[in-house]
Amino acid sequence: MVVVVFLIIIGFLVLVHELGHFLVAKRNGVGAEEFGLGFPPRIAGFYRNRKKRWAWVWGNKQVQAEIKERDETVYSINAIPLGGFVKIVGEDGGSSNDPKSFSNKNAWIRFKILSAGVAMNVFFGFLLFVAAYKIGLPEAIDDENNDPRAKVQIGQVIKGSPADQLGLEIGDQVVSFNGAKIESISQLQDLIKQNAGQSVKLEIEKTGEQKIKTIGTVLRENAPVGEGILGVLLVKTVLKENSLLESIKLAFETTFGVIVSIFVFLWELISGLFQLKPVPTEVSGPVGIAIMTGKMANLGIAYLLHFAGLLSVNLAVINFLPLPALDGGRILFLLIEKIKGNPVNQKLEGIIHTVGFFALLLLMFLVTIKDFSSIGWLEKISSIF
């Protein structure tokens, strides 16, 4: 189920991105041969023929120019349910004499089309944030706040700690300790210190579940500096539902804050590589994101929407970087064209984008290996042999 939710979210974000390219291309008189839901092979598609009537095409059969105007688009449903694609006329540099070709348009129009996917992902992320804040997200409050709705929840679990071994997770609520109802962080911390080295019982309400689970364990007497006896970071929260105006304001702040944070992180990452520092643990690939998606889904729909918003904005920023094979890389070639006064050699640009694409695949592979290592799968696989 986690994999299904992950694929739906990623697929939808990719589809929104491609929709941005498609809408701006059509708006600026650039033809789109096909806009597909999912990736080929095509199952079926429909389009308007020269008689302005809707017609169907099945499988990967090509629609002949005699029956379809070139500026008409085939809207298709494809077999691989991962996002979507748009095939823009002349995006590969061909059809330069066609007035509806991408390559025949001026640099400003091409820039708008290339950046539209990024803009759409930022806007969609903003909408997801608005929805999440409107539904309501937990808000950290002061430990002295006696709001009856308040919960003492786990904000972080130290890897390898007693809490980790007990299966405690982010978002779990500590309901009671040895029968005493927990009403504040300080109260729980005092009880843990008083019972160090002793057998205790915790009542935990797991994330996404409406039942309380009783857990028995023996607390350790000493703990590494900064970990605590149980090995958790505690936070007192209260569920806050926001008005529409408040949600919009918070969504603006979150969207801007995420974009700034990504650029700061990228700067630190790049400067760290030059200083031969290890890759930060915060970098995750598809496996790590899928695991986080499952955790957010367990926490509730508001958490999942907020997380999807973060992914959407991240996708936008990464895609805008001036790297080959990305939208930002193609925009960089537009900039070079404006400086030179004539387009970059199409064959050379194609080679650079192809090399960049395979480099990105290699990077994704390496980050995926890191994901497997961080969750212990590599050790399990190696133990088989």
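The values are calculated or read from the model by the stated rules, or taken from the named source; none is laboratory data. These numbers were taken from a predicted model, which means no experiment stands behind them. Here the Cβ is made from the backbone with ideal geometry for all residues, glycine too, and neighbour counts use every protein chain on show. Surface accessibility is based on the protein's heavy atoms, side chains included, excluding ligands, DNA and RNA. Shrake-Rupley method; radii C 1.70, N 1.55, O 1.52, S 1.80 Å.
Convex hull of alpha carbon positions in region 17-65: directionally averaged projected area 4.0 nm².
Take the Cα radius of gyration of region 103-191 and divide it by 2.2 N^0.38 Å, N being the number of residues; the result is 1.89. Built from the Cα atoms of region 200-239, the convex hull projects on average onto 3.9 nm², one quarter of its surface area.
So if I take the centroid of the Cα atoms in region 246-267 and the same for region 115-159, what is the distance between those two points in Å? A separation of 13 Å, based on Cα centres. Among the protein heavy atoms of region 120-180, carbon and sulfur supply 55% of the accessible surface, probe 1.4 Å, non-protein parts ignored. In a fully extended conformation the segment linking residue 351 and residue 75 would gain 96.4 nm over its present Cα-Cα distance, using 0.36 nm per residue.
Computed with a 1.4 Å probe over protein heavy atoms only, the accessible surface of region 164-253 comes to 59 Å² per residue. Here the peptides 347-354, 26-33 are ranked by packing, the mean other Cβ count within 10 Å, and the order with the highest first is 26-33, 347-354. Each peptide in 129-137, 316-324, 43-51 receives the mean, over its residues, of other Cβ atoms within 10 Å, and ordering these scores from highest gives 129-137, 316-324, 43-51.
Estimated translational diffusion coefficient (Stokes-Einstein, Kirkwood radius over Cα pairs, 20 °C, 1.002 mPa s) of region 111-258: 122 µm² per second.
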